[in-house]
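Shown next, in structure tokens, is the structure this report addresses.
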Amino acid sequence: MLQDGRDARATIQAGSLCYFAYAMKVATHDLPQAHEHDQGHQAVPSDPSLRVKALESLLVEKGLVDPAALDALIDAYENKIGPRNGARVVARSWVDPAYKERLLTDATKAIEELGYGGRGGQHMVAVENTPKVHNLVVCTLCSCYPWTVLGLPPVWYKSAPYRSRAVIDPRGLLLEFGLKLGEDVEVRVWDSTAELRYLVLPERPPGSEQLGEEALAALVTRDAMIGVARVTMPPPESHS
Ligand code: FE
């Protein structure tokens, strides 16, 4: 959970220029979809894509970054990896108690069992929601996120208001996301780092008892695995 006195420099790893360039690209990739939390709080540089391009050109020119490798990395996270990986992990844990036990004991290994691993997912911890405990994930320092299971982070996850309010007023923040928690529910906030990233294991929704693993995975959303939403059953189809 949250710890004070963390050294910001510890999250800046040596030799991470390629990651930095990638992160800059990702940071600007989804700016047009900025969440309302961003508005009025963060000044967006006048032309961020230009700045990123300039930075990338400089890194390429100095031989620090291979542009082909950068493009491959971006393509992988944009098109091949997404929250569906995490959804499959959650669904498996709902139908297989032994897998769930392994996930809660050593998430990194359990996630690897399903074939997911790599950058951003090396050290994973799964935290389970129950009727009495709700988990919320944030990176107070920057935007550390379990890319391997959730793909690219949403813009609001990286915003200063989300990062601060998740700590100062998590219940109020969750209300803004439309999630009202009872007073008897304990909220646990987990602060991600470059070394340690969290996946929320949401509660299986009531009424889903008959669903198979694949159908269950289809219900699981990115937001539920960050902890800002519940997993719900779709409304029954109307037969008019
Ligand atoms: Fe971070």
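Readers should treat all values here as calculations from the given coordinates under stated rules, not as data from a laboratory. Owing to the predicted nature of the structure, the values given are computational and were not obtained by experimental measurement. Every residue, glycine as well, gets a Cβ built from its backbone with ideal geometry; the counts of neighbours run over all protein chains shown.
Under the simplified labelling scheme, the Val95-Lys62 pair shows an inter-label distance of 5.0 nm, with each label point 7 Å from Cα along Cα→Cβ. The residues Thr105, Thr232, when put in order of fewest to most other Cβ atoms within 10 Å, stand as Thr105, Thr232.
Were the residues from Asp71 through Asp184 laid out at 0.36 nm apart, the gain over their Cα-Cα distance would be 35.9 nm. Rounded to whole numbers, the Karplus 3J(HN,Hα) couplings from phi for the range 146-153 are x, 4, 4, 9, 10, x, 7, x Hz, using 6.51 cos²θ - 1.76 cosθ + 1.60 with θ = phi - 60°, and x at Gly and Pro.
Ellipsoid semi-axes for the range 49-187, based on the Cα gyration tensor and the rule √(5λ), read 32, 23, 11 Å when sorted largest first.
Our coupling estimate for the range 94-106, obtained by passing each phi through the Karplus curve with A = 6.51, B = -1.76, C = 1.60 and θ = phi - 60°, is 6, 9, 10, x, 5, 5, 4, 4, 5, 5, 6, 7, 8 Hz, Gly and Pro reported as x.
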